[in-house]
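The values are calculated or read from the model by the stated rules, or taken from the named source; none is laboratory data. No experiment lies behind these values; they were computed from the predicted model shown. As a convention, Cβ positions derive from the backbone with ideal geometry for all residues, glycine included, and neighbour counts pool all protein chains shown. Ligands, DNA and RNA are stripped out before the accessible areas are found, and what is left, the full protein with its side chains, is counted by its heavy atoms. Shrake-Rupley method; radii C 1.70, N 1.55, O 1.52, S 1.80 Å.
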Amino acid sequence: MTDTNTPSLLPYEAWATRALRSVAVDALEHAAREGLPGEHHFYISFRTDHPGTSVPAFLKAKYPHEITIVIQHRFWDLKVDRVAQRFSVGLSFSGIPASLVVPFAALTAFQDPHAQFGLRFQPEYDGEEDAADLPPPETAATAAAEEDPAPAPQPQVVSLDAFRRKRD
C-alpha cells in the first residue's frame, strides 16, 4: 500500500506551471509573428518588482508591485526571446510611449477575453530573493494605455411614447 502523504521527489507543480506559462508565451510569439487575429487581445499581469523587469520610472512609481497591460491595437516591437526567457513590447500610456521588458517568470496572469481564456501564475524567483520577503501582489491595476478597449456601452431604456400616434 502506498502512503498518499509522501511528498513527491519530482517537481510536478513547477513543471505544470512552466507548461501553462508556455501557453502565454506561445500566444505572444504568435502575435509578434502574425499579429492578433480578429477580436483577440491579451491582458497580461506581471510583477514590476521582479528581477529583470524593465518598466519606465513613471510606471514603476504608479505600479510598484504589479501591473496589467493590454496588447490589442496600438503596440509595437513585440519580441519574444525564449533564450533570455522574456518578452518586450512598446505601448503608450496616456500618450507617452514606453518600452517594457518582462521576464516570463514575472507573469502573474494572462487572459484573452475574446476567447474567454485565462491563466494565473505565481511569479518564479531564482532563489536570490525569497517570495515570502516580497510584498503581496496588489489587485492587478490595468494600466491606462491607449490600446485599452473602451468600456462596453451600458444598455439604455428608450421610451416609445414619443413615436406613438396620438389619438384624438
Unmet criterion (only one of (1) open to solvent by 20 Å² or more (accessible area, probe 1.4 Å); (2) under 22 Å from G95 (Cβ atoms); (3) within 14 Å of the chain's Cα centre (by Cα)) for T68: (1)
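Can you name every one of the strands (runs of 3 or more DSSP E) wholly within the stretch 9-110 that holds 2 or more residues which are of a type in the set (S, T, N, Q)?
In the stretch 9-110, the matching strands (runs of 3 or more DSSP E) lie at 86-93.
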For the stretch 40-89, give me each residue that is touching a Gly at 6+ places or on another chain (Cβ under 7 Å) and without any contact (Cβ under 8 Å) to a residue 60 or more places away in the chain. W76, D77, R86
Go through the stretch 76-122 and report how many residues are surrounded by 19 or more Cβ atoms within 10 Å (Cβ to Cβ) and closer than 13 Å to G52 by Cα. 9
Which ones in the stretch 30-39 are open to solvent by 50 Å² or more (accessible area, probe 1.4 Å) and either hydroxyl-bearing (S, T, Y) or touching a residue at least 24 places away in the same chain (Cβ under 8 Å) (or both)? G38, E39
The one condition H73 fails out of (1) more than 21 Å from L119 (Cα to Cα); (2) surrounded by 15 or more Cβ atoms within 10 Å (Cβ to Cβ) is (2)
